[in-house]
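The values are calculated or read from the model by the stated rules, or taken from the named source; none is laboratory data. Note that the structure is predicted; figures quoted are calculated from it, not measured. Methodologically, a virtual Cβ is constructed for each residue, glycine included, from the backbone with ideal geometry; neighbour enumeration extends over all protein chains shown. Side chains are part of the model used for accessible areas, which takes the heavy atoms of the whole protein and leaves out ligands, DNA and RNA. Shrake-Rupley method; radii C 1.70, N 1.55, O 1.52, S 1.80 Å.
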Amino acid sequence: MKLKRGKMLVDPPACASSDIAFTLIIFFLVCAAVQPETGMSQALPKTESKSEKREQSQNIEVSITPSSIILNGSPLKIDEFKTRIASELKKKTREQDRIVVVKSAPDTPYPIWLNVSQAIDQAGGILTLELETEKTINVQ
Amino acid sequence: MKLQRRKLTASVPSFAMGDIGFLLLIFFVILARSQNDSHIQWQPAELKDIEMSAAPRATVSIDTGYKTYLDGKEISTDELASALSAVLGDTPAGQRNVFLKVHREAKATHFEPVIAAISEAGGDLVHILEPEEQSKQ
């Protein structure tokens, strides 16, 4: 006849469960805080005033409006712009000629601007912004 | 004859010290990491082919009301370049990441002066965006 061995009941210590829960909360909080963000890095030349630059006049010029993208005077859609800017920049061998001067209309939406700047980056261009500055002159 | 009272010793349980130390460590890690810009209301724009970004030295945001913030504090675009230069200091090139969080409905008048200020301060600009969904492509 076999004798059954009595089973020993082992309970986890309940007093530690609050500590464990608290540590888990903090663990997930840290995970959420250090979640990496996604984005697009962009190299920009240092800002300079217009009088200092422009001895080179061979730069590609792009104008952005809410409805169109104008490359060297011809209006294009974003897909056409991508291919045209790539072919234009292929011809440029010197780094200073790869500068693309971008001028945006004041009401240009951010997503359109991003698409254009990404296309310039991917084509190997160096994006430069042309900003209009306002000056107030008091006439006495 | 005097009977001596038995002394009661009250000691802090040392087995909990490891847990306490660990929790304090994590607490300070959170404090150090969080640049508190969680109160800023903005929605990121979407774009294809975006990548993971390294940790920033500073974060510039433009919210739904088109106000500009540097590390969670409101700032004017005129003061932004000098304030950013102070934050970036002598940080070597390649580690001067500045995150730019622009609300998706912002216009060029709002974000271009900010980009110019980041460029003037010598920051490495990173636009914070969301990857565009497959269905929209």
Review point. Which Rg and Dmax, in Å, describe the Cα atoms of chain B?
Key: 24.3, 96
Point to revise | Scaled radius of gyration (Cα, divided by 2.2 N^0.38 Å) that segment B:45-102 gives | key: 1.22
Review point. Are there chymotrypsin sites (Phe, Trp or Tyr not before Pro) in segment B:1-96 that DSSP puts in a loop and that have at most 15 other Cβ atoms within 10 Å, and which ones?
Key: B:Tyr66
Revision key, fill the gap. In Å², rounded to a whole number, the accessible area per residue of chain B with probe 1.4 Å is 64 Å²
Review point. Quick one: what do you get for segment A:59-129 if you divide its Cα Rg by 2.2 N^0.38 Å?
Key: 0.99
Review point. Between B:Glu74, B:Glu105, B:Glu51, which gets the highest mean-square fluctuation from a Gaussian network model of chain B, Cα cutoff 10 Å?
Key: B:Glu51
Review point. Given the convex hull over the Cα atoms of segment B:77-137, what projected area results after averaging over all orientations, in nm²?
Key: 5.1 nm²
Exercise for review: For A:Leu9 paired with B:Ala16, estimate the spin-label separation in nm (one decimal), with each label point 7 Å from Cα along the Cα-to-Cβ line.
Suggested key: 2.8 nm
Exercise for review: Could you state how much accessible area is buried at the A-B interface, both sides summed, with a 1.4 Å probe, in Å² to the nearest 100?
Suggested key: 3200 Å²
